[in-house]
1. Where does each of 119-130, 281-292 land if you order them by average Cβ count within 10 Å, highest first?
2. When the helix-only estimate is applied to the chain (DSSP H runs of n ≥ 4, each -39,500 (n - 2.57), divided by the residue count), what is the mean residue ellipticity at 222 nm, nearest 500 deg cm²/dmol?
3. List, in order, the whole-Hz ³J(HN,Hα) value for each residue of the range 113-120 obtained from phi through the Karplus relation with A = 6.51, B = -1.76, C = 1.60 and θ = phi - 60°; use x for Gly and Pro.
4. Where the centre of each part is set by its Cα atoms, how far does the range 55-108 sit from the range 250-327, in angstrom?
5. So what are the ³J(HN,Hα) numbers for the range 19-27, from phi and the Karplus equation (6.51, -1.76, 1.60; θ = phi - 60°), rounded to whole Hz, Gly and Pro as x?
6. Pick out, from VAL162, GLY282, HIS220, the residue whose Cα sits farthest towards the positive end of the charge dipole of the range 12-302, with +1 on the Cβ of Lys and Arg and -1 on the Cβ of Asp and Glu.
7. Tabulate in residue order the Karplus-calculated ³J(HN,Hα) for the range 144-150, using 6.51 cos²θ - 1.76 cosθ + 1.60 with θ = phi - 60°, rounded to whole Hz; enter x for Gly and Pro.
8. Output the lone cysteines of the chain: those with no second cysteine's C-beta under 4.7 Å from their C-beta.
Amino acid sequence: MLTDDFGREVSGVRISLTDRCNFDCIYCHNEGLGDTRGPMDPRENEMGTDDVVRFLEVAAEFDVEAVKFTGGEPMLRDDLEEIIERTPDSMAVSLTTNGTFLPDRAEALVDAGLERVNVSQDALDPEAFAAVTKSGAYDRVIEGVEAALEAGLDPVKLNMVVFEHTAGYVPQMVEHVAENDGLQLQLIEYMPELTGKPEWNVEIERVHDWLADQAEAIEHREMHDRKRYWIGQEDGDGRGMVEIVDPVENPTFCANCHRVRVTHEGYLKGCLNRNDDLRPMGEMTRPEIREAFREVVANRVPYYGEYMVRNASGEWELNDEYIDVGA
């Protein structure tokens, strides 16, 4: 397993299969405007099935243990089942999706080897959901979550970005996962520097404090220095679990990152938030992939606390050491 200069082993990869999406979420740091015709062949600027599998086979050589397929919306790819089926057996396979295509494909995805799924759901009210996602697919998403559970993808994690437009829905969402077996909630800290809307920011520590008051038990996870809050029960059996993903105000979050990412175009990158560390995998020959993978891992640095540092005013700014990186 490869290790970067900060002692972080790379045990997982996240692969974006497309930047297209059938939602237009107002907080998304991508364009958010995609083809809505449904699953289709990969576009010319997207990695083909064989390209994705070839990379995964090389990653397995470096003892990478897990892969998560993301987008855009990865289920817009009609070869998703094939990609999962051809993923090396040594890797755990998970998926992040908006859930709209799960009703028709959850069972086939599980048959192909999918083990876990995260479904984006920012509200439990159709009108509120539509205001955030610019989509009328609320009922379809609910149906998709149910289909995932029925197919054996238990637990299903619901991803909710916490910002001005959604913060008021957090209590209802917490109650929802506490009352329904098989559901967990992942509250994701809003990153205003990625969207250009700092006025939408919500102090995430207030959410931590509120959850601490509600929780029957609080668990600390070493990975990313996260806290898990168990709501509405005492035995911690998976029902009513709420976790906060808070990289901005959590000083050790990035220090515990063990993932490398791959863009839909076939570029390796060591960090979600950076685009100055991209390494193309060429024509996807195995030697090129191995070399690019080693190079990206060697150049990985924690984003918050190293690449970005606090200035005298307490604001995040680029570390002078990295100003010329990627130039």
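1. 119-130, 281-292
2. Calculated at 222 nm, the ellipticity per residue is -8000 deg cm²/dmol.
3. x, 5, 10, 9, 9, 10, 10, 6
4. Cα centroid to Cα centroid, the span is 22 Å.
5. My calculation for the range 19-27 gives 9, 6, 8, 8, 10, 9, 4, 6, 9 Hz in order.
6. It is GLY282, whose Cα lies furthest towards the positive end.
7. x, 4, 4, 5, 5, 5, 5
8. Among the cysteines of the chain, those whose Cβ sits 4.7 Å or more from every other are CYS21, CYS254, CYS257, CYS271.
Read-outs throughout are calculated quantities, based only on the coordinates presented, and are distinct from any laboratory measurement. Predicted model only: the values in this text are computed from it and were never measured. Backbone-built Cβ (ideal geometry, glycine too); neighbour counts: all protein chains shown.
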